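Inspection log for the structure reproduced underneath, given as structure tokens.
The values are calculated or read from the model by the stated rules, or taken from the named source; none is laboratory data. In this text the structure is predicted, and so the values were computed from the model without any measurement. Glycine gets a Cβ as well: all are built from the backbone with ideal geometry, and neighbour counts include every protein chain shown.
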Amino acid sequence: MYAYCTNRMCWVTRQYPFGEAHLIDTGETIDFNTRLDKDDVITIIASHSLTDNEQWNCMEKGEFRVFSNGKSSRLAT
């Protein structure tokens, strides 16, 4: 997946050991240990942080990233 930041873009990668994610908009908590396997690596890309208990990475304006197999590579700013 390719991601280019024009004004605001954030991402978080989840991999083993998984924790819980607390969703900002609904207040729900999701335990990824019950939903994912040890070999899974997933990345969520959004215009803003969707959870309040995880470390989201915010991209800079003009930054371009490639995500492959759930992991990120920075290409340019």
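Select, from SER47, SER72, the only residue that is under 15 Å from the mean Cα position of the chain (by Cα) and over 14 Å from THR13 (Cα atoms). Walk me through how you get there before you give the answer.
Details: SER72 fails: over 14 Å from THR13 (Cα atoms).
Unique residue meeting the criteria: SER47.
The lone criterion from (1) at pLDDT below 95; (2) among the charged types (D, E, K, R); (3) in a loop (DSSP other than H, G, I, E, B) left unmet by ARG65 is number (3).
Scanning the range 1-56 for residues that are under 22 Å from LYS71 (Cβ atoms) and assigned to a strand (DSSP E or B) yields a total of 19.
This table checks each residue for (1) loosely packed, with under 13 Cβ neighbours inside 10 Å; (2) under 11 Å from the mean Cα position of the chain (by Cα); (3) in contact (Cβ under 8 Å) with a residue 60 or more places away in the chain; (4) over 20 Å from SER72 (Cα atoms).
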| position | (1), (2), (3), (4) |
| --- | --- |
| TYR2 | yes, no, yes, no |
| PRO17 | yes, no, no, no |
| LEU23 | no, no, no, yes |
| ASP31 | yes, no, no, yes |
| THR43 | no, yes, no, no |
